[in-house]
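Note sheet for the following structure.
The values are calculated or read from the model by the stated rules, or taken from the named source; none is laboratory data. Because the structure is a prediction, the values reported are computed rather than measured. Neighbour counts run over all protein chains shown; Cβ positions are idealised from the backbone, glycine included. For the accessible areas, the whole protein counts, side chains as well, though only heavy atoms, and no ligand, DNA or RNA atoms are used. Shrake-Rupley method; radii C 1.70, N 1.55, O 1.52, S 1.80 Å.
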Amino acid sequence: MTGTFRSSQVAGSQENERSPFARLTELLAPYQPGKPLITLSLGEPQHGVPSFVGPVLAKHIAEFGRYPIARGIEPFRRAAANWLSTRFQLPRAIDPETELLVLNGSREGLFFAALTAARYVGERKGRPAILIPNPFYPAYAAGARAAGCEAIYLPTTLATGFLPDLHAIDAATLARTVAIYIASPANPQGAVASRDYFSRLKQLADRFGFMILSDECYSEIYTRQAPGSMLECAGSDFTNAVAFQSLSKRSNLPGMRVGFAAGDKKFLATFHELRNVAAPQVPVPLQHVAIAAYSDEAHVEENRRLYRIKFDLADQILGNRYGYRRPAGGFCVWLDVSQHGGDEAATVKLYKDAGVRVVPGSYLARPQLDGTNPGAGYIRLALVSDSETTAEALHRLAQFLD
């Protein structure tokens with residue numbers, strides 16, 4: 001394959017590997033918020049916890065006295081597999097016995113998947129590499145480092161549709177790749193991969209023998225068309241593809257830490273071996289809550305309705321300023337503030353003048369070797385507060401940036 005995106009151009013810098021939120025805290029430390037603080041920096045859902053959570057926990061409270069099994073209880077695996085088959089147009093139903101594992105939230109699963117891929121994929125032509133969209137979720141880079149692989153950052157910009165340009169990756173890089181992380185909907189830009197995109201990615205994974213680690217934890221947050229899954233395009237055996245899901249965003253349960261991985265059963269067998277000795281287990285009562293969550297769509301539809309209201313507000317208040325575009329999925333807004341002093345300066349201004357806390361886009365990305373940072377000049381807003389608070393924050397943002 002002839003490409004224009006070579007590994008010598010994309011191996012990320014080792015600087016600034018700390019949490020973007022720790023860096024944000026340091027950036028804002030010298031200042032006080034100029035108005036009552038509104039926090040839009042953290043993607044922590046603030047909508048109500050579903051009403052069934054308390055009763056289900058109470059019913060199964062005694063099961064906190066049991067060590068959980070790493071693969072998850074059978075009723076959980078069956079409920080998650082049934083939800084997948086109902087929600088997505090899969091080539092066939094997921095086998096809950098061999099093709100699905102419970103996770104302590106998707107983050108630990110995404111991290112341990114890198115370690116698994118490094119040992120599962122086998123010999124590479126050169127130093128093993130893991131491909132990461134840039135900007136990205138920090139667990140991806142942490143997993144690559146822990147696995148001893150080179151993290152190669154693929155810029156996701158307006159020009160690439162905010163997804164990695166698969167046609168621009170050269171064959172030499174792909175030949176030493178053990179895994180690629182893909183997020184759809186993307187964090188932070190909200191871009192959604194098409195079926196053609198997933199199919200192209202599957203072709204590359206099969207040709208070069210690497211794993212696709214598909215982060216789909218935002219798949220249920222959308223205001224128009226429901227995003228698809230990598231598993232829909234992974235073939236009847238789901239070879240080389242694993243999707244990661246979580247209840248944090250779908251069901252407003254970020255503190256419960258329950259999700260799952262589903263797909264390639266051979267990979268998941270190796271994944272289970274590692275997690276069985278090293279990963280956090282999921283308490284059985286929480287798995288019962290998850291069963292209830294995956295069996296109910298009413299609370300998810302209400303969740304989407306609340307986000308739709310807030311994006312309607314963003315449409316009205318922001319219009320076409322700051323390059324605003326209503327994202328295809330997720331609950332984040334990605335704003336271009338390059339004409340307003342840049343991302344760090346705009347972040348400081350919004351905090352000390354408007355009392356609005358956001359994240360500089362450059363903190364969510366890594367510099368490429370040419371010195372450019374795909375997140376530079378942008379700020380990320382997470383529309384997780386109630387609609388009144390969100391509207392106030394957006395009005396302040398427009399007032400003080402302009």
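Just to be sure, is Leu204 farther than 24 Å from Arg366 by Cα, open to solvent by less than 40 Å² (accessible area, probe 1.4 Å) and touching a residue at least 24 places away in the same chain (Cβ under 8 Å)?
Yes.
Considering only residues that are outside any helix (DSSP H, G or I) and at pLDDT 95 or above, which ones fall in the stretch 337-371?
Once the filter is applied, which keeps residues that are outside any helix (DSSP H, G or I) and at pLDDT 95 or above, the stretch 337-371 yields Val337, Gly341, Gly342, Gly355, Val356, Arg357, Val358, Val359, Pro360, Ala365, Arg366, Pro367.
Among the numbered conditions (1) surrounded by fewer than 19 Cβ atoms within 10 Å (Cβ to Cβ); (2) under 18 Å from Ala183 (Cβ atoms), tell me where Glu273 comes up short.
It is condition (2) that Glu273 fails.
Among the residues of the stretch 252-263, is any touching a residue at least 12 places away in the same chain (Cβ under 8 Å), within 30 Å of Arg396 (Cβ to Cβ) and either crowded, with 24+ Cβ neighbours inside 10 Å or among the hydrophobic types (A, V, I, L, M, F, W, C) (or both)?
yes
Working only within the stretch 223-250, note down all residues that are in contact with a Ser or Thr (Cβ under 8 Å, 6 or more places away or on another chain), open to solvent by 10 Å² or more (accessible area, probe 1.4 Å) and more than 14 Å from Gly329 (Cβ to Cβ).
Hit for the stretch 223-250 is Cys233, nothing else.
Go through the stretch 22-45 and count every residue that is within 18 Å of Leu253 (Cα to Cα) and surrounded by fewer than 17 Cβ atoms within 10 Å (Cβ to Cβ).
Total satisfying the criteria: 2.
Where the second residue is surrounded by fewer than 24 Cβ atoms within 10 Å (Cβ to Cβ) and among the aromatic types (Phe, Trp, Tyr) and the first is without any contact (Cβ under 8 Å) to a residue 24 or more places away in the chain and lies in the stretch 96-111, which pairs have Cβ atoms under 8 Å and are six or more apart or on separate chains?
Listed pairs, sorted by first residue: none to list.
Go through the stretch 337-376 residue by residue and tally those that are open to solvent by 50 Å² or more (accessible area, probe 1.4 Å) and touching a strand residue (DSSP E or B) at 6+ places or on another chain (Cβ under 6 Å).
Total meeting the criteria: 1.
Run Ile94 past the list (1) over 18 Å from the mean Cα position of the chain (by Cα); (2) open to solvent by 30 Å² or more (accessible area, probe 1.4 Å) and report the number of the one that doesn't hold.
Every listed condition holds for Ile94 apart from (2).
Name every residue in the stretch 232-259 that is under 26 Å from Ala292 (Cα atoms) and either in a loop (DSSP other than H, G, I, E, B) or charged (D, E, K, R) (or both), in order of residue number.
Glu232, Lys249, Arg250, Ser251, Asn252, Leu253, Pro254, Gly255, Met256, Arg257, Val258
Which pairs do you get when a residue that is in a loop (DSSP other than H, G, I, E, B), found in the stretch 24-38, comes within reach of a residue that is of a type in the set (D, E, K, R), reach meaning Cβ atoms under 6 angstrom, with the pair 6+ apart or on two chains?
From residues that are in a loop (DSSP other than H, G, I, E, B), the pairs are Tyr31/Lys352; Gly34/Lys352; Gly34/Asp353.
Inside the stretch 56-77, can you point out the residues that are closer than 16 Å to Leu268 by Cβ and open to solvent by 80 Å² or more (accessible area, probe 1.4 Å)?
Ile69
Residues that are farther than 27 Å from Cys332 by Cα: find the helices (runs of 4 or more DSSP H) completely inside the stretch 262-318 holding 3 or more of those.
Once the helices (runs of 4 or more DSSP H) in the stretch 262-318 are filtered for at least 3 residues that are farther than 27 Å from Cys332 by Cα, what remains is 265-278, 284-294.
Out of (1) over 18 Å from Asp370 (Cβ atoms); (2) in contact with a Gly (Cβ under 9 Å, 6 or more places away or on another chain), what's the single condition that is false for Thr173?
Only one criterion is unmet by Thr173, namely (1).
Pick out the one residue from Ala205, Ala159, Ala186, Ala147 that is on the phi < 0 side of the Ramachandran plot, small (Gly, Ala, Ser) and in contact with a helix residue (DSSP H, G or I) (Cβ under 8 Å, 6 or more places away or on another chain).
On inspection, the qualifying residue turns out to be Ala147.
Only residues that are of a type in the set (Gly, Ala, Ser) and either open to solvent by less than 10 Å² (accessible area, probe 1.4 Å) or not in a loop (DSSP other than H, G, I, E, B) (or both): list them for the stretch 187-197, please.
Selection gives Gly190, Ala193.
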